[in-house]
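The values are calculated or read from the model by the stated rules, or taken from the named source; none is laboratory data. On a predicted model such as this, the values are computed, not experimentally measured, just so you know. When we count neighbours, we look across all protein chains shown, and the Cβ atoms used for this are built from the backbone with ideal geometry, even at glycine.
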Amino acid sequence: MRFFCSLTFAGLAVTSVMAQVPFFGAPQNLTQVVPGENVLISVFQGDTNSQFEDVGIALGISQCFNNACPGTETGLGDVFYNGPFVPTFVGTNRYQNYTVTIPSFLEAGDLAQVTASLFVLTGAAAFPTLETIYIALEVV
Ligand SMILES: *[C@@H]1O[C@H](CO)[C@@H](O)[C@H](O)[C@H]1NC(C)=O
Ligand SMILES: *[C@@H]1O[C@H](CO)[C@@H](O)[C@H](O)[C@H]1NC(C)=O
């Protein structure tokens with residue numbers, strides 16, 4: 001009986017997560033960047049109908065070798081930012097801007113991956129949820 005209850009609860013938690021999944025408003029996938037350059041990263045949070053509370057976010061960048069980006073198979077790499085996620089409403093959008101510096105160790109002529117990992121508490125029971133998204137940048 002206890003097992004059955006746990007399963008039902010997990011199902012509810014997943015539904016809540018789907019309702020407010022984050023995404024990058026900027027930069028666009030495959031934007032060209034130069035090491036040392038400052039780049040604006042906008043992290044949007046979708047529909048806010050479900051009950052949730054933002055805890056924090058980490059943003060990082062890693063080298064993709066031979067244009068093969070690791071996705072969520074690896075860590076964030078060089079961490080640009082690790083701290084609060086406090087999005088602002090702008091019209092119907094809800095997002096936060098972070099300005100980061102593209103690190104100099106990235107090799108020109110290859111891709112780099114920007115990863116954002118957002119920690120959210122979802123539902124009335126504050127189910128801990130980590131949502132990781134990523135995008136590729138072209139280092140030139
Ligand atoms: C970004 O572009 C790469 C290379 O074309 C592609 O593999 C990847 O799926 C794209 N990612 C997104 C989020 O569109
Ligand atoms: C994010 O940055 C863009 C470009 O500078 C700006 O237009 C926008 O108002 C900023 N939004 C927030 C929520 O800070």
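Within segment 26-46, residues that are on the phi < 0 side of the Ramachandran plot have Cβ atoms under 9 Å from residues that are of a type in the set (S, T, N, Q) and part of a loop (DSSP other than H, G, I, E, B) in these pairs: P35/S104; Q45/Q20; G46/Q20, counting only partners at least 6 apart in sequence or on another chain.
With respect to the conditions (1) under 16 Å from V21 (Cβ atoms); (2) away from ligand 2 (no atom under 16 Å from the Cβ), F85 lacks only one, and its number is (2). Against the conditions (1) away from ligand 1 (no atom under 16 Å from the Cβ); (2) surrounded by fewer than 12 Cβ atoms within 10 Å (Cβ to Cβ), Y95 satisfies every one except (2). The single condition among (1) more than 15 Å from ligand 2 (Cβ to nearest atom); (2) under 13 Å from P22 (Cα atoms) that D78 does not meet is (2).
Among what's in segment 28-69 and is within 13 Å of ligand 1 (Cβ to nearest atom) and surrounded by fewer than 17 Cβ atoms within 10 Å (Cβ to Cβ), pick the residue that is farthest from the chain's Cα centre (by Cα).
Going through the qualifying residues, I end up with N66.
Just checking, how many residues over segment 98-137 are hydroxyl-bearing (S, T, Y) and within 16 Å of ligand 1 (Cβ to nearest atom)? Number satisfying all stated conditions: 4. Contact map, segment 116-135: residues that are in contact (Cβ under 8 Å) with a residue 12 or more places away in the chain and under 14 Å from V55 (Cα atoms) paired with residues that are of a type in the set (D, E) and within 16 Å of ligand 2 (Cβ to nearest atom), Cβ distance under 7 Å, separation 6+ or inter-chain. Pairs shown: V120/D54.
When each of T72, T122, T48, T99 is tested for being within 16 Å of ligand 2 (Cβ to nearest atom) and modelled with pLDDT under 95, the lone residue that passes is T48. Reported count of residues in segment 28-47, each being outside any strand (DSSP E or B) and among the β-branched types (V, I, T), is 1.
The C-beta contact set for segment 62-77 (first residue of a type in the set (S, T, N, Q), second residue buried (at least 18 other Cβ atoms within 10 Å of the Cβ) and assigned to a loop (DSSP other than H, G, I, E, B), distance under 6 angstrom, 6+ apart or interchain) comprises S62/G77; Q63/L106.
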